[in-house]
Amino acid sequence: MYFSQGIDIIEKKRIKRLISLYGKIFLNKILSDNEILNFNYIAREKRNEKLSGIFAAKEAVSKALGFGFRNGVTYKNIEIINNEFNKPEINLVGESKKLFCTLKKENNSVLSVSISHEKNYALSIASILIY
């Protein structure tokens, strides 16, 4: 059995500043095409909070995977998509998925992520269980 966790916290004004400086360039660097589609449906006043949570979640997932953002792992190939109950879920694509499959081999696995918001911060924890 293998268990790993990653955690990240980010100040929301940092993300707001990056959006004001780089706009769509920043969004296209950290969001997949699926995430951008979902992001466009979010009310403008909630976008910074949502993006801060997604950013923290991707950082937490990269830490839980144990690879960080190297070996082909990028922000774009770790997707954070909300399910029908609005719970965030991890969808690995591309190189992230390949590396995770190498890690888990033929075993069963569970990937879980949780995002929490406070006035100035977004926090996320990601867990991986391979059994």
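Applying the set (1) among the basic types (Lys, Arg); (2) free of Cβ contacts under 8 Å to residues at least 40 places away in the same chain; (3) in a helix (DSSP H, G or I) to Arg70 leaves exactly one unmet item: (3). Taking the conditions (1) modelled with pLDDT of 95 or more; (2) crowded, with 18+ Cβ neighbours inside 10 Å; (3) not in a helix (DSSP H, G or I) in turn, Glu59 satisfies each one other than (3). Flag: Arg44 matches the condition of being of a type in the set (Lys, Arg) and over 24 Å from Gly94 (Cα atoms).
When the range 14-42 is limited to residues that are of a type in the set (Ser, Thr, Tyr) and part of a helix (DSSP H, G or I), the one that is surrounded by the most Cβ atoms within 10 Å (Cβ to Cβ) turns out to be Tyr22. Filtering the range 75-84 for residues that are surrounded by fewer than 18 Cβ atoms within 10 Å (Cβ to Cβ), within 9 Å of the chain's Cα centre (by Cα) and over 17 Å from Leu129 (Cβ atoms) leaves a non-empty set. Among the residues in the range 98-116, are any of a type outside the set (Lys, Arg), more than 21 Å from Tyr131 (Cβ to Cβ) and crowded, with 19+ Cβ neighbours inside 10 Å? Scanning the range 98-116, I find at least one residue that is of a type outside the set (Lys, Arg), more than 21 Å from Tyr131 (Cβ to Cβ) and crowded, with 19+ Cβ neighbours inside 10 Å, so the answer is yes. Within the range 65-76, is even one residue at pLDDT 95 or above and under 20 Å from Ser4 (Cα atoms)? Yes, because at least one residue in the range 65-76 is at pLDDT 95 or above and under 20 Å from Ser4 (Cα atoms). Cβ-Cβ contacts under 9 Å between residues 6 or more apart (or on different chains), taken from a first residue in the range 108-121 that is under 10 Å from Val61 (Cα atoms) to a second residue that is among the hydroxyl-bearing types (Ser, Thr, Tyr) and part of a strand (DSSP E or B), are listed as Leu111/Ser127; Ser112/Ser127; Val113/Ser124; Val113/Ser127. Given the structure, is Phe26 in contact with a helix residue (DSSP H, G or I) (Cβ under 8 Å, 6 or more places away or on another chain) and closer than 18 Å to Ser127 by Cβ? No: the conditions fail for Phe26.
The values are calculated or read from the model by the stated rules, or taken from the named source; none is laboratory data. In this text, all values refer to a predicted model and were calculated from it rather than measured experimentally. Cβ coordinates were reconstructed from backbone atoms using ideal geometry, including for glycine residues, and neighbour counts include every protein chain displayed.
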